[in-house]
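A short worksheet on the structure shown next.
The values are calculated or read from the model by the stated rules, or taken from the named source; none is laboratory data. Computed from a prediction, not measured in an experiment: that's the story for all the values here. Reconstructed Cβ throughout: ideal geometry from the backbone, glycine too, with neighbour counts over all protein chains shown. Accessible surface is based on the protein model in full, side chains and every heavy atom, while ligands, DNA and RNA are left aside. Shrake-Rupley method; radii C 1.70, N 1.55, O 1.52, S 1.80 Å.
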Amino acid sequence: MSDLLGPAGPAQRRALAKAITLLESTRPEHRVQADALLNAVLPHTGAALRLGLSGVPGVGKSSFIEALGLMLVDQGHRVAVLAVDPSSSLGGGSILGDKTRMERLSVHPSAYIRPTPSSGALGGVAERTRETILLAEAAGHDIVIVETVGVGQSETAVAGMTDLFCLLQLPNAGDDLQAIKKGVMELADLVVIHKADLDAAAATRAQAQITSALRFFGPHATHGVPVLQASAITGQGLVEFWSTVRAQHDARRASGALQARRKAQDEAWLWERIHAGVQQRFREHPAVRAALPGVLSDIRDGRLAASVAARQLLDLAAP
Ligand code: GDP
C-alpha cells in the first residue's frame, strides 16, 4: 500500500502489479484484501484523464496508443494502458494480443501496460479493469487509456468507465456507412480516421462522410463530435488529437459534465454489480438449484409459464 502510493519507480511498479493480481484473484480471502485496498486508495484516485479507445482489430489501436503514449510520457505524463478484450474470456485467444504489443511504450518507466484480465465474463473483466483504473490513478498515472475491440458489448462497458470515448476508423470506412455500427457511434466523443497516411484523399472523404453521418446520431447530434485524421506511423494528427481530448476534458470539467458523468457511471456500476451478484447468489441457492431442472422441463413442455416459474423460484430463494 505505501509502495503503491509512494514515489514512482520499480517498487511502485511491483506494488501495482501485485495489487492488480490481488484484484484478479478468485479466492475469497484475496477479495477481502482487495476490497480493503480499494477503499484505502480511493481518496487518491480520480485525478487522471480516463480515455476509452476502440476500433476493429487491425485499425491500429496498439500502434496509435504506443505513438500517443510515447508523446505523452515525453511531455512528462505518466500513462497507464489497460485493455478490455471479451475474446480472451471466451477461450478463443485474445484479439488484443499479448505483452509484446507496444514494445517501446511498455519498457518506458513512465508507462504501465496491463494486458486484459484473462478470465471471466465481460462484466467481471470490466469490473477488474474499472478497479485497475483506480489503482493506476493511486499510483500517480495522470492519463489512463482503456482499449477495447470493436466487437460485442465491450465498447459500452469501456465508455461507461472512461471520461471520453474515442473510436478509430479506417479511411475506407466512410465509403460504407453501413459498416459503422450506430450504437457504437452514439458512444463516441471523438472519431479518428486512422492510417490517414495510406490514402490522404480517402481519409479526407471519410472524415467528411462520418462528420455528416454523425449529425444524425444520438445525444451528441447538437454539439458535433470532432472527426480527426491521424497516423501512428507518421505521427500526423497526434498533437491535434491530444489537444482536442484535453479541450473536451477541460470544458466538461468546467461545466460539471465530467463530474456528472463519473457519478452516473458509479451509480450504473453499482447497480450492474448488484444485479450480477444477486443473480449469482440466486443461481447458487440450494433450493433454487434443486428445483431448477424440474422447472425448466415444465416450461419446455408447456406445463408452466416462464413468468410464473420465475416468481416461484424467487419465492424459494426469499430470505
Ligand atoms: P490493432 O489490432 O487495432 O491493435 O492494430 P495494430 O496496432 O496491431 O496495427 C495493425 C497493423 O496496421 C500493423 O501492421 C501496423 O503496423 C499497421 N498500422 C498501424 N498504424 C498504422 C498507420 O498509422 N498507418 C499505416 N499505414 N499502418 C498502420
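Summary of values
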{"item": "Output for the stretch 23-64, where each listed residue is within 16 Å of the ligand (Cβ to nearest atom), open to solvent by less than 50 Å² (accessible area, probe 1.4 Å) and of a type in the set (Ser, Thr, Tyr)", "result": "SER54, SER62"}
{"item": "Pair list, Cβ < 7 Å and 6+ apart or interchain, from the stretch 227-249 residues that are closer than 19 Å to ALA188 by Cβ to residues that are open to solvent by 30 Å² or more (accessible area, probe 1.4 Å) and among the β-branched types (Val, Ile, Thr)", "result": "VAL227/THR211"}
{"item": "Meets criteria (of a type in the set (S, T, N, Q), within 16 Å of the ligand (Cβ to nearest atom) and assigned by TED's automatic domain parsing to the domain that holds ALA67) for THR244", "result": "no"}
{"item": "Tally, over the stretch 229-248, of residues that are within 17 Å of SER63 (Cβ to Cβ) and surrounded by 20 or more Cβ atoms within 10 Å (Cβ to Cβ)", "result": "7"}
{"item": "Unique match (being in the same structural domain as VAL79 (by TED's automatic domain parsing) and open to solvent by 30 Å² or more (accessible area, probe 1.4 Å)) among ASP199, ASP298", "result": "ASP199"}
{"item": "Unmet criterion (only one of (1) open to solvent by 70 Å² or more (accessible area, probe 1.4 Å); (2) more than 19 Å from the chain's Cα centre (by Cα); (3) over 23 Å from VAL245 (Cβ atoms)) for GLY6", "result": "(1)"}
{"item": "Helices (runs of 4 or more DSSP H) contained in the stretch 82-140 and holding at least 1 residues crowded, with 19+ Cβ neighbours inside 10 Å and at pLDDT below 80", "result": "86-89"}
